[in-house]
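Below is one structure; the comments refer to it alone.
The values are calculated or read from the model by the stated rules, or taken from the named source; none is laboratory data. It should be emphasised that the depicted structure is a prediction, and the values quoted were computed from it without experimental measurement. Because the Cβ atoms are built from the backbone with ideal geometry, glycine has one as well, and the counts that use them run over all protein chains shown. Heavy atoms of the whole protein, side chains included, go into the accessibility calculation; ligands, DNA and RNA do not. Shrake-Rupley method; radii C 1.70, N 1.55, O 1.52, S 1.80 Å.
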Amino acid sequence: GAEEAGTGGAWALARDMQARWPIEDTVVVAVDGLSGGEIRWIRDGELLTVPIPAWMERAARRVAASDPRFGSARDFDIPSGATDARPFRTVGYDGFCITCVDPEIGAPQNYHLPSDTPDNLDLAQYAITMDFVTALARELWTSWKR
């Protein structure tokens, strides 16, 4: 995706796939930084916040309420930049990003630091976040276009 470089990879993918992935039949869930904090779904936008499609946010809230391990999962407005979901939203796809954020620093622990190494992953949190993403995918599938 390369959100670090202006979401260049996601922009290219969104642009190139428009003819192959019909907007009305495609949703995008970007997944990034799955450890080092608490589960968050991101409202994108540095200058203008792009709201999460309401049906997708409702699905994320249902999943968060479905398992005590997901109890702290909630929405989050990023303070700067954009996620790899933003280019897809800009061209018309429904989507958002799931990540982990340390509430004390407003970013994943070790994010873009020399300490951002495999040895510093919180593997227990990683597993919980992957369970959340899996449950979210199922919930999105069952609630899509209802």
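Take the residues of the range 82-106 that are surrounded by fewer than 19 Cβ atoms within 10 Å (Cβ to Cβ) and farther than 23 Å from Arg62 by Cα: which is modelled with the lowest pLDDT? Among those residues, the one meeting the criterion is Gly106. The numbered conditions (1) under 13 Å from the mean Cα position of the chain (by Cα); (2) open to solvent by 30 Å² or more (accessible area, probe 1.4 Å); (3) closer than 24 Å to Asp102 by Cβ; (4) not aromatic (Phe, Trp, Tyr) are all true for Pro79 except (1). If you filter the range 40-60 down to residues that are in contact with a Lys or Arg (Cβ under 8 Å, 6 or more places away or on another chain) and modelled with pLDDT of 90 or more, you find that the one that is nearest to Asp16 (Cα to Cα) is Ile52. Going residue by residue through the range 113-136, is there one that turns out to be open to solvent by 70 Å² or more (accessible area, probe 1.4 Å), at pLDDT below 90 and assigned to a strand (DSSP E or B)? Checking the range 113-136: not a single residue is open to solvent by 70 Å² or more (accessible area, probe 1.4 Å), at pLDDT below 90 and assigned to a strand (DSSP E or B).
Does Phe70 count as within 21 Å of Leu140 (Cα to Cα), modelled with pLDDT of 95 or more and open to solvent by less than 20 Å² (accessible area, probe 1.4 Å)? Yes; evaluated as a whole, the condition is true for this residue.
The set of residues in the range 67-83 being out of contact with any Ser or Thr (no Cβ under 6 Å at 6 or more places or on another chain) and either hydroxyl-bearing (Ser, Thr, Tyr) or closer than 23 Å to Leu13 by Cβ (or both) consists of Ser72, Ile78, Ser80, Gly81, Thr83.
A single entry from Leu47, Leu34 fulfils the requirement of being open to solvent by 40 Å² or more (accessible area, probe 1.4 Å), more than 17 Å from Asp94 (Cα to Cα) and among the hydrophobic types (A, V, I, L, M, F, W, C): Leu47.
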